[in-house]
Amino acid sequence: MIGPVTGAAIAPLKGIDTSSVLALRAQILDRNAALSGKAEPVKSGFESAITEALRAVNGTQAKAGDISAAFERGDTVDIASVMLARQKASIAFEATLQVRNKLLSAYHDVMSMPV
């Protein structure tokens with residue numbers, strides 16, 4: 001490399017790679033954004049997993065509703081695909097309900113523990 005002022009060659013630094021420098025830069029920018037109040041709140045892994053699961057269940061139910069409406073309008077949709085979509089939505093909802101019940105039970109167990 002050639003230096004900007006003297007034109008002399010600059011030896012590359014040993015022991016420093018560009019990926020660690022870029023990672024450090026990203027950390028600095030994130031902290032700067034957090035301190036200035038512009039950072040978006042970071043979601044935990046559990047929260048994002050639950051949110052994505054609920055979105056998937058909602059999408060499944062919306063798809064089942066759309067297929068059912070198309071069948072009722074007389075579009076070219078067979079009854080088997082309507083029943084399959086509705087059953088998928090029903091199973092997804094029941095599974096979500098069971099997960100909610102287990103989470104509520106675990107919450108109550110934790111809250112009833114003596115400190």
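So the values come out like this:
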| item | result |
| --- | --- |
| Cβ pairs under 7 Å, 6+ apart, first in the stretch 23-39 and in a helix (DSSP H, G or I), second at pLDDT below 75 | Asp30/Ala39; Ala33/Ala39 |
| Only one of Ser44, Ser48, Ser20, Ser36 that is surrounded by 11 or more Cβ atoms within 10 Å (Cβ to Cβ), modelled with pLDDT under 90 and either farther than 22 Å from Gln87 by Cβ or touching a Phe, Trp or Tyr at 6+ places or on another chain (Cβ under 9 Å) (or both) | Ser48 |
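The values are calculated or read from the model by the stated rules, or taken from the named source; none is laboratory data. What you see is a predicted model; the values in this text were computed from it and never measured. Backbone-built Cβ (ideal geometry, glycine too); neighbour counts: all protein chains shown.
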